[in-house]
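Encoded as structure tokens, the structure appears first; notes follow it.
What follows is calculated from the coordinates using simple rules that are stated; it is not laboratory data. Keep in mind that what you see is a predicted model, and the values were worked out from it rather than measured. Positions of Cβ are backbone-derived with ideal geometry, glycine not excepted, and every protein chain shown enters the neighbour counts.
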Amino acid sequence: MTRLAIVDDHEALRDGLESLLNGSGLDVVGTAGNVAAAMDLVEHERPDVALVDIRLPDGSGIDLARMLLATRPELRIVLYTGETDADLLSEGLDSGAQGYALKAGSTRELVEAITRVADGGTYVDPRLDGVLARQREAARVPRLSPREREVLQLMAEGQTAEGVGEALGVSVETVRTHVRNAVRKLQARNRVHAIALAVARGEIAVDDE
């Protein structure tokens, strides 16, 4: 069972999420209302995934994501927000978080986001497809090569670079080269951002099941 930490400054929302998510096959190991408490929570409870609100009273959830990943790189993070700002989305994906969920979504969608990220995949709320598409149009970026699409598709499904290499019969360094080329072509900030842009462009698909 996925061990989950919830970080949000609204106590009622934290309590509600804890109740809902505990009843959805997740194990909520603790909640925190600010950056300092979140750092302590993750250190002591060692969750698999942290659901992190972007706006916290003593700092940014995006900065918190960076700090958590600096000390626990194996931690998976889903950023949680009510905002659809394009710059905030880019900054969030640049933090190293693997998921970006909107508070407008249903409990089912939030569970899907957490589960997909816990399984090694990535998730960006589908309501942000338009934001990503507008970023794409503004950049006028070229299409990915078939091999670049294959690599990103497998990574979107949760494969590591090693797993992609085995599946395609190429070296890990070749996989990483394809990823770097895709990131450059898409003018993405990192691999997760590139996957989100490729989905929005229709170049790869993520199974919603």
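Assorted remarks:
- Calculated FRET efficiency for the pair A12/E162, C-beta based, R₀ 45 Å, to 0.05: 0.55
- Relative exposure of R55, R184, judged by other C-beta atoms within 10 Å (fewest first): R184, R55
- Principal-axis analysis of the Cα atoms of the chain puts helix 35-45 at an angle of about 90° to the longest axis.
- Rounded, prolate or oblate (a/c below 1.5 giving rounded, otherwise prolate when a/b exceeds b/c) for the range 141-201 by Cα gyration tensor: prolate
- Counted charge near L152, where neighbours are those whose Cβ lies closer than 9 Å (Asp, Glu -1; Lys, Arg +1): -1
- Within the range 47-68: backbone nitrogen closer than 16 Å to the D27 label point (7 Å, Cα to C-beta): 47-50
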